[in-house]
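Right, one structure below, let's go through it.
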Amino acid sequence: MKTVVIGVGNAYRGDDAAGLAVAERVRVHAPELDVFVCEQEPIQLLDAWEGADLALLVDAVSSGAEPGTVHRLDATVEPVPAAVFRGSTHAFGVAEVVELGRALGRLPERLLVFGIEGTAFSAGDELTPAVAAAVEPLAAELLAEAGCTSTR
Amino acid sequence: MPERRTIKTDYLARVEGEGAMSVRLRGDTVEHVELRIFEPPRFFEALLRGRSCLEAPDITARICGICPVAYQTSAVNAIEDVCGIELPAPLRALRRILYCGEWIESHALHVYMLHAPDFLGYDGAIELARDEPAAVERGLALKKTGNEVLALIGGREIHPINVRVGGFYRAPTRRELRRLVEPLERAREAALETVRWTAGFDFPERAVECELVALSEPGTYAIERGRIISDRGLDIGAAAYDEHFVEEHVERSNALHSRRRDGGTYLCGPLARYALNGAALSPLALEAAREAGVEPPCRDAFRSIVVRSVELVYACDEALRLIESYEEPDAPFVPLEPVAGVGYGVSEAPRGLLYHRYRIDADGTILDAKIVPPTSQNQLAIEDDLRAVVERYARLGDDELRAVCEQAIRNYDPCISCATHFLDLQVERL
């Protein structure tokens, strides 16, 4: 079974880096997994998950929920809400890429999308404490989904 | 008393990054147009201070996910300028092939995913993909070829890590580079098809009247370096940029607006390059332009999508030509001895002129940096355009007017993430 973990975000924009941080933790725990990091232009995700049985995608979101809240949805059965997954700086966001993939029949077998609720997205910000605290538990959840046992 | 109407759009999608634009109308007269920008744009200039000049290409590549090569190239041009480095021909060729890859990627994204839906009456690329999957797949394939060029020469697709001051960390072999030939030949065919496709769209009317500014290099379509010229006689080296162009801080915006020092508005980007350097395009690109009925110069703002498509043909053609004649360099880079002073670098980002200036000390530490992205330079021209478009189409209903405004903004492929955040479009009718 081919599994890919995808972290989306911008390392220089505060909580927008949450998806990258989770992907990095997954890489540390499970070096054998395919981990793909997307720092901005996300249309390449169509290639990143091509042929995957399971793709686990993490991005920062801004929906008004408590900071650090993790949203989870199965994008293979429900649409990704564009109003939520638009926290990133790119206009063509994760929601649009998923829907573009759906329109073209280019989604992986199963696509789980995780959104970490952020609050600070300005250039130069660090991850806020609530978001930083959500990173490790979400990495563990992804490893469980991918069928990996954490090595540390 | 003219009727009052207010049109408000909360979010203008399909530009790179996000920003805000508002228009106020009294009857059919436009009273006010402004492009507002919320992001602190000077963050990266501050970040660069105190860092080694060797880090400039890697740090500035992070400013934009769509045009990292442009940022890297203007940065290395500036540092090489102050240190007095000249690159041998093979390294220059690699730099230009890499830049062609970025043009292919960026133009394919803009033409197919961001702009074409406007002309065809779709909300966006997703709706277009449902009705015309073959067209969207063609755009995606083109974009992917651009990515492949970046991955092979740049080391990875986004934020290439192989670029350094003086050249590259590792230069590809002839054999490695030849792997790009087949994808680029296919991309060139797709690009020709793109010219035919976009030339068949219906175009609203708007002629650009301001000064056109682009880089120029004898005998070629300038991309990765050159002198700065205009259609009104400007001809200067990068070092004279600050004498001729000023950035003004505008109250409503965190970004700076550029204008000519004499006060004039100017435009850079595909239309300017095409008007000033069109004769230097390859025969194939010129033939495609002729068949499409958009021979250079073209001042028709909405036909910029066709011009971008012609540039796609050229970028494929030029990359293939350079790969064909590539000779492996003796060394992947020219070693650098830092020299205290000020260096200036320019290049043609997909959306226009990108200027960098660095002052470094004798050990190569950056003392200060100035970066002027193309979207800051085009901001006033975009506002002028929007004003003219609103005046011309003021009689349209609110939704149609909003649509043509968004389409007009996208004529310039504004990379607002380089200069800004959130773009809302607000049309207020008094």
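Given the structure, is A:Ala95 aliphatic (A, V, I, L, M), in contact with a Cys (Cβ under 7 Å, 6 or more places away or on another chain) and crowded, with 19+ Cβ neighbours inside 10 Å? Judged against the criteria, A:Ala95 is not a match. Yes or no: B:Arg232 basic (Lys, Arg), exposed (fewer than 14 other Cβ atoms within 10 Å of the Cβ), more than 16 Å from B:Ala279 (Cβ to Cβ) and without any contact (Cβ under 8 Å) to a residue 24 or more places away in the chain? In short, yes.
With the structure loaded, tell me whether B:Arg186 is loosely packed, with under 15 Cβ neighbours inside 10 Å and in a helix (DSSP H, G or I) or whether it fails that test. Criteria met by B:Arg186.
The test for being farther than 16 Å from A:Leu73 by Cβ, among the small types (Gly, Ala, Ser) and either in a helix (DSSP H, G or I) or out of contact with any His (no Cβ under 9 Å at 6 or more places or on another chain) (or both) holds for A:Gly105. Consider segment A:1-14 and keep the residues that are in a loop (DSSP other than H, G, I, E, B) and within 14 Å of chain B (Cβ to nearest Cβ). The one that is surrounded by the most Cβ atoms within 10 Å (Cβ to Cβ) is A:Gly9.
Any chance you could count how many residues in segment B:364-416 are touching a strand residue (DSSP E or B) at 6+ places or on another chain (Cβ under 7 Å) and more than 15 Å from B:Leu35 (Cβ to Cβ)? Total meeting the criteria: 14. The single condition from (1) at the interface with chain A (Cβ under 10 Å from one of its Cβ atoms); (2) at pLDDT 90 or above that B:Glu39 fails is (2).
The set of residues in segment A:15-53 being within 14 Å of chain B (Cβ to nearest Cβ) and among the β-branched types (Val, Ile, Thr) consists of A:Val35, A:Val37, A:Ile43.
Read through the list (1) assigned to a helix (DSSP H, G or I); (2) more than 7 Å from chain A (Cβ to nearest Cβ); (3) modelled with pLDDT under 95, then give the number of the only condition that B:Ile104 fails. The number of the failed condition is (3). Among the residues of segment B:117-132, those that are part of a helix (DSSP H, G or I), modelled with pLDDT under 95 and either within 18 Å of B:Leu192 (Cβ to Cβ) or more than 10 Å from chain A (Cβ to nearest Cβ) (or both) comprise B:Pro117, B:Asp118. Taking the criterion of being part of a loop (DSSP other than H, G, I, E, B), touching a residue at least 24 places away in the same chain (Cβ under 8 Å) and farther than 19 Å from B:Phe245 by Cβ, the residues of segment B:200-214 that qualify are B:Phe201, B:Asp202, B:Phe203, B:Pro204, B:Glu205, B:Arg206. Scanning segment A:46-70 for residues being surrounded by fewer than 24 Cβ atoms within 10 Å (Cβ to Cβ) and within 28 Å of B:Glu148 (Cβ to Cβ) gives a total of 8.
Checked against the criteria, B:Val181 counts as of a type in the set (A, V, I, L, M, F, W, C) and more than 23 Å from the chain's Cα centre (by Cα). Restricting segment B:133-161 to residues that are surrounded by fewer than 22 Cβ atoms within 10 Å (Cβ to Cβ) and over 29 Å from B:Pro117 (Cα atoms), the residue that is nearest to the other protein chains (Cβ to nearest Cβ) is B:Arg156.
Here A:Val84 passes the criteria (1) modelled with pLDDT of 90 or more; (2) assigned to a loop (DSSP other than H, G, I, E, B) except the one numbered (1). Looking at segment B:73-84, can you tell me whether even one residue there is at pLDDT 95 or above and not in a helix (DSSP H, G or I)? Yes, segment B:73-84 contains a residue that is at pLDDT 95 or above and not in a helix (DSSP H, G or I). Only one entry in B:Ala61, B:Ala56 is at pLDDT 75 or above, surrounded by 15 or more Cβ atoms within 10 Å (Cβ to Cβ), within 30 Å of B:Cys83 (Cβ to Cβ) and away from chain A (no Cβ under 14 Å), namely B:Ala56. Limited to segment A:15-54, what total is found for residues that are assigned to a helix (DSSP H, G or I) and under 24 Å from A:Ala132 (Cα atoms)? Selection size over segment A:15-54: 16. Within segment B:277-298, track down each residue that is over 16 Å from B:Ala207 (Cα atoms) and either touching a Ser or Thr at 6+ places or on another chain (Cβ under 7 Å) or among the acidic types (Asp, Glu) (or both). Of everything in segment B:277-298, those that are over 16 Å from B:Ala207 (Cα atoms) and either touching a Ser or Thr at 6+ places or on another chain (Cβ under 7 Å) or among the acidic types (Asp, Glu) (or both) turn out to be B:Asn277, B:Ala280, B:Glu287, B:Glu291. If you go through segment A:111-121 and keep only what is more than 14 Å from the chain's Cα centre (by Cα) and more than 9 Å from chain B (Cβ to nearest Cβ), you end up with A:Thr119, A:Ala120.
Going by what's in this entry, would B:Gly200 be described as more than 14 Å from chain A (Cβ to nearest Cβ) and on the phi > 0 side of the Ramachandran plot? Considered against the rule, which asks whether it is more than 14 Å from chain A (Cβ to nearest Cβ) and on the phi > 0 side of the Ramachandran plot, B:Gly200 comes out as no.
The values are calculated or read from the model by the stated rules, or taken from the named source; none is laboratory data. Because the structure is a prediction, the values reported are computed rather than measured. Virtual Cβ from ideal backbone geometry, glycine too; neighbours counted across all protein chains shown.
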